[in-house]
Each structure stands twice: as structure tokens, then as C-alpha cells.
Amino acid sequence: MELRRSLLQMRRYPVETALSFLILSGMFFGIAYGADAAFGNPQPAGQVATLTVLSFMGWMFCMNLLSGPAAEIEAESQSGTVEQLFTGGLSVQRILLARMSAGVVVTGAIVSGIVLLVGRIAEVELSAQALAAVALALVTAAGAGFVLAGVALLFKKTRALVLLATFGLMPVMIADGAAAWIGTSSATLLLPFVGPMGLAKAVVMDSTSWSWGAFCIALGASLAYFVIGLVLFGRMRLRAMRRATIGHY
């Protein structure tokens, strides 16, 4: 149902959907390749294309998971239907999870098209290990999305904070230094987004650098961040309900 709802909204506003995605894509690739041109890159051209595409995929998915729940809460509040989310048979957490899952499917379809297009222009090789590491960043982003949704319940207007979080994530995704950081210190694997993206980029630069032990450490950290996000959202939801300010906008 949530996937159908997302597709209907995209079909209802096709020009806005297409332009928004093109602007974000152009901005990311412009910054990424502009940085390579300005400061140089020690990796071969094929690896640069793969690393850039990998960064773009991670950033787009994480950005949608970060901003999606808070945007949904604000949209429901503006349309006057936020109370129904809290009085229905399903918990708000399950509804937001369903919407985030639908968003991942839709974004994945669009990103796949761009990746295929880039793959026809440059040599792009995305291994299963690299994609699995990027998936860990999505788990962390989902937890952070719940935190921002809780902030939206308490403080109502969160667009500036969401923009700061999503665009502040861009340097983490673009930088290839994370691959070297995890090699020098295993504690780096515990950092949100840095650990998973470092694993993904390290395996692109050197396929022999893959370690299942490091992946399990990053997996545990990502799941912990997701659980923390759920717990914080639950506490902020209860606080907003006790203050009786759920529908006061």
C-alpha cells in the first residue's frame, strides 16, 4: 500500500519529481568529479567512476531515509491527518518503516537507471561485498530518520535540521579517505556511515582487503544505531503525547 502510494504521488507530480532528482544528481556528480579535477585522485579512472557511483548510491538512499520520516510527519500534520497515525491499528513505527521501505524501492529503481547510464559511459564494477557494506549505512540512516521524526513531533518544523543532516552527509559519502581510516584503526568501523562506506570503498580499491570480521563489527554498530533511533523516537513520541501537542501546529 505504501509503495503504491509513493508511486501515485510521483505520477501526480512528475515534473517536480524528475527535476528534483536531476538537480540532486547533477549537484552530487558535479561536486564529486569537481573535487577529483581540482585536487587530483590517485585511483585509476575505472575505480574513480565506481567509487563515485557507490558514493552516489549511498548518499541518495541515506538521504531519503534520513529526511523521509520527518517529512512524512510534517506532511501528515499539514493535511490534518497526523492524529489518525496515532489512533490506528498499526503503530507509528511500523507505518514509518513501511514508508521508508517503499522509498528505498522507488529510489532504488531511479538510482539503478542512473547507474546503468553511467556504466555505459565509464567502466563501473560494483561487487556484492561493496553493496552489502552500503546496505549497512542504510540501516544506520533508518535509525537516524526515526530520531528526526521524533524531533518533528516535538518541534514541528525540522526542514533546516533535515537539510543540514542530509547535505552534511555528502562529504562523508564523497571522501575516499574512509577506506584508509578503517585500515589504520578498527574503531573507525563503529562510526556511523564512515565504517560501512569505508568498507565499501576499500573493497573497490583492493578486492583482497575484504574482511568478514570487519563487516560483522560494522553490522553490529549499524543495528545498534537503528535500535537507538527506534528507542529515542518512542520516547519523543510519548513526550509529545503527554504534552498533548501531537496535532498542535
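The values are calculated or read from the model by the stated rules, or taken from the named source; none is laboratory data. As the structure is a computational prediction, the values presented were derived from the model and not from experiment. Positions of Cβ are generated from backbone atoms using ideal geometry, with glycine treated the same way; all protein chains shown enter the neighbour counts. What goes into the accessible areas is simple: the full protein's heavy atoms, side chains included, and nothing from ligands, DNA or RNA. Shrake-Rupley method; radii C 1.70, N 1.55, O 1.52, S 1.80 Å.
For region 142-234, calculate the relative contact order in percent as a whole number, restricting contacts to Cα pairs under 8 Å that are 6 or more residues apart. Don't skip to the answer; put the middle values down first.
Working: 85 pairs, mean separation 36.8, N = 93.
Relative contact order of region 142-234: 40 percent.
Post the alpha-carbon centroid distance, region 65-94 to region 186-249, in whole angstrom.
Going from one Cα centre to the other spans 22 Å.
For the chain, set up a GNM with springs between Cα atoms under 10 Å and report which of Trp212, Trp59, Trp181 has the largest fluctuation.
The residue with the greatest mean-square fluctuation here is Trp212.
Might you tell me the accessible area per residue for the chain, computed with a 1.4 Å probe and given in Å²?
Values: 12620 Å² over 249 residues.
With the other protein chains kept in place, the chain gives 51 Å² per residue.
Roll a 1.4 angstrom probe over the protein heavy atoms and tell me the percent of accessible area of the chain that is carbon or sulfur.
Working: 8530 of 12620 Å².
Ligands and nucleic acids excluded, carbon and sulfur give 68 percent.
Output the relative contact order of the chain, whole-number percent, from Cα pairs under 8 angstrom with separation of 6+ residues. Present the calculation step by step, with values, prior to reporting the outcome.
Numbers: 284 pairs, mean separation 68.1, N = 249.
Once normalised by length, the contact order is 27 percent.
What is region 88-199's relative contact order, in percent, from Cα pairs under 8 angstrom and six or more apart in sequence? Could the numbers behind the result be given before it?
Details: 48 pairs, mean separation 28.1, N = 112.
Here the relative contact order equals 25 percent.
For Arg99, what is the net charge nearby, where nearby means another residue's Cβ is under 15 Å from its Cβ and Lys, Arg count +1, Asp, Glu -1?
Working: positive: Arg4, Arg5, Arg94; negative: Glu2, Glu72, Glu74, Glu76.
The answer is -1.
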